[in-house]
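For reference, the structure is listed below as structure tokens.
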Amino acid sequence: MIKLITTTFGVGYLRPAPGTWGSLAALPLAWGVHEVFGLTGFVVASVIVFFLGWWATAQHTRGSDDHDPSEIVVDEVIGQWIALLPVFIGAAHVGADTLALWPGWITAFIGFRLFDITKIGPIGWADRRGDALGVMLDDVIAGIFAALLVHGCCRQFADFGPRVCDLFQRGKDGHVGRIRRHAGYPRRSVGTCGCRNGGRGATTFKRDTNRFRHGNCGTRWIRF
């Protein structure tokens, strides 16, 4: 039971780079927990996983000289979940599908792995504690850093996103729409939507909230 927890059902035994495998396994787990229990349930589950992982890691490493064996990846799971929080919060804020905010998923994964491997600043301090709490804490801090990176990238996309990619987003009522990209985004842009009200019309853009509203049916999108 203890090893099932610390290795995240055996994922920690995969080679090479078990930490990366643990982070990858955390992605579908996070999506599943969020889909079933929502944002609040995901936050509660994250707290439970942290304390459960802390306890299981202490048991796993008891009597061992190695305080952080490579097969222990439950710390990567909680760190990756924290990194994904801005994605889930943003999706809940506008009622969007979490998978539609895929740039946030990629940024969260790459950012977390970067901070977890380099162990800069307080991440390295936590890792050098040499105990079970340090094993969990360094990834928690790395996850917080990665979450801040995701949030920062969201704001960068808000300013420079028009030059990067088209926006294909699912509205709150299930409509699929596209906002034509224009450098600088005028406050009103031409948009299309799969609605019964003509499907085409002026789409108002509000820079302060990074949201769009389709003029014909009111379908909303968020710019990521």
Exercise. Taking the Cα centre of region 1-149 as origin, sum charge times position over the Cβ atoms of Lys and Arg (+1) and Asp and Glu (-1), and report the length of that vector in debye to the nearest 20.
Key: 20 debye
Quiz item: With a 10 Å Cβ neighbour count serving as the proxy for reagent exposure, in which order, fewest first, do Thr20, Thr98, Thr8 appear?
Solution: Thr20, Thr98, Thr8
Quiz item: What is the gain in length, in nm to one decimal, between Trp102 and Leu4 on full extension, counting 0.36 nm per residue of separation less the C-alpha to C-alpha distance?
Solution: 32.4 nm
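For Asp97, Asp66, Asp138, Asp75, what ranking results if the residue with the fewest other Cβ atoms within 10 Å of its Cβ goes first?
Details: Asp97 12, Asp66 8, Asp138 24, Asp75 30.
The most exposed by this proxy come first: Asp66, Asp97, Asp138, Asp75.
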Quiz prompt | Packing-based order for 79-87, 112-120, 140-148, 29-37, using average beta carbon neighbours within 10 Å, highest first | solution = 79-87, 140-148, 112-120, 29-37
Self-check item: Debye log10 I(q)/I(0) at q = 0.15 Å⁻¹ for region 1-106, Cα point scatterers
Solution: -0.62
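FYI, it's all coordinate maths here, none of it is from the lab. As the structure is a prediction and not an experimental result, all values here were calculated from the model. Here Cβ is always computed from backbone atoms with ideal geometry, including for glycine, and neighbour counts include all displayed protein chains.
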